[in-house]
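Notes follow the structure.
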Amino acid sequence: MNGSTRALYEEMILEHNRHPRHFQHTPPAATHHAHGYNPVCNDDITVHLRVQDGAIRDVGFEGAGCAICTASASLMTEAVLGKPVAEAERLFAGMRTMLTEDAGAAAAQASVGKLRILAGVREYPMRVKCATLPWHTLKAALESRAGTVTTEEDDHVCPT
C-alpha cells in the first residue's frame with residue numbers, strides 16, 4: 001500500500017470508528033438479528049435488519065469493538081442499506097475473498113466498490129478477523145442462524 005492509500009485507509013477507519021453509521025440503531029420491526037464475537041480482540045457485535053420484499057430496508061448494529069471492527073460494521077451498514085438481499089450476499093462474498101484469500105482478492109476488491117478501502121487490513125493479518133466479523137454476522141442474520149458467530153473458523157457458529 002503506498003503512502004497516500006495508507007493515509008486514506010487510516011482516515012476512513014478513524015472516521016467510521018469515531019462516527020459509526022447506524023450504530024446503536026435497532027430498526028423498528030426488525031426481522032433479522034445475529035450476534036458475533038471475536039475472541040482475539042473481544043469484538044462483540046449484534047446486527048439488526050429489517051428485510052422486506054427481498055431487500056434490506058433498514059439496518060443497525062450495536063456492541064463494542066476495536067476501531068477496525070466498528071469501522072467495518074459502519075461501512076457495511078452504509079453499503080447494504082436499501083440493497084436486495086442477493087446483492088448484500090455478493091458483497092459479503094467479495095469482502096470475504098478480498099480480506100482472506102489470495103486467489104481472487106484483486107477481482108474481489110474491484111467488485112466491492114468503496115469498501116475496497118478495507119483491503120488495507122490485509123497488511124495486518126491479526127486484524128482481518130476484526131474486519132470480517134460484522135460481515136459474517138450480517139450473513140448469519142440474513143440466514144436467520146441461531147448461536148453466536150465467531151471468527152475462529154470461517155462461517156463457524158458456536159452454540160450460545
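Read the figures in this text as sums done on the coordinates, not as results from a lab. This one's a predicted model, so the numbers in the text were calculated from it and none came from an experiment. A quick note on method: Cβ atoms are made from the backbone with ideal geometry, for glycine too, and the neighbour counts reach across all protein chains shown.
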Original post:
Top mean-square fluctuation among ALA93, ALA110, ALA131, Gaussian network model of the chain, C-alpha springs under 10 Å?
Top reply: ALA110
Subject >> MRE, 222 nm, helices only [DSSP H, n ≥ 4, -39500 (n - 2.57), over the chain, to nearest 500] >> reply: -13500 deg cm²/dmol
Subject >> Taking LEU81, LEU49, LEU14 and counting other C-beta atoms within 10 Å, the order from fewest to most >> reply: LEU14, LEU81, LEU49
**OP:** May I ask for the percentage of alpha-carbon pairs in the chain that lie more than 23 Å from each other?
**Re:** 30
Subject >> Nearest-ten-degree value, helix 67-80 long axis tilted from longest Cα axis of the chain >> reply: 60
Original post:
What ranking do PHE23, PHE61 get, fewest neighbouring Cβ atoms within 10 angstrom at the top?
Top reply: PHE23, PHE61
**OP:** Could you check which residue among ALA107, ALA140, ALA34 shows the biggest mean-square fluctuation in a GNM of the chain with a 10 Å Cα cutoff?
**Re:** ALA107
Original post:
Taking LYS83 as the anchor, which lysines have their alpha carbon closer than 19 Å to its alpha carbon, excluding any fewer than eight residues away along the same chain?
Top reply: LYS114, LYS139
**OP:** Return THR137, THR151, THR97 ranked ascending by Cβ neighbour count within 10 Å, so the fewest neighbours appear first.
**Re:** THR97, THR151, THR137
Original post:
So what's the angle, to the nearest 10 degrees on a 0 to 90 scale, between helix 128-142 and the longest Cα principal axis of the chain?
Top reply: 30
Original post:
On full extension of the chain, what length is gained from TYR124 through LYS83, given 0.36 nm per residue of separation minus the C-alpha to C-alpha distance?
Top reply: 11.8 nm
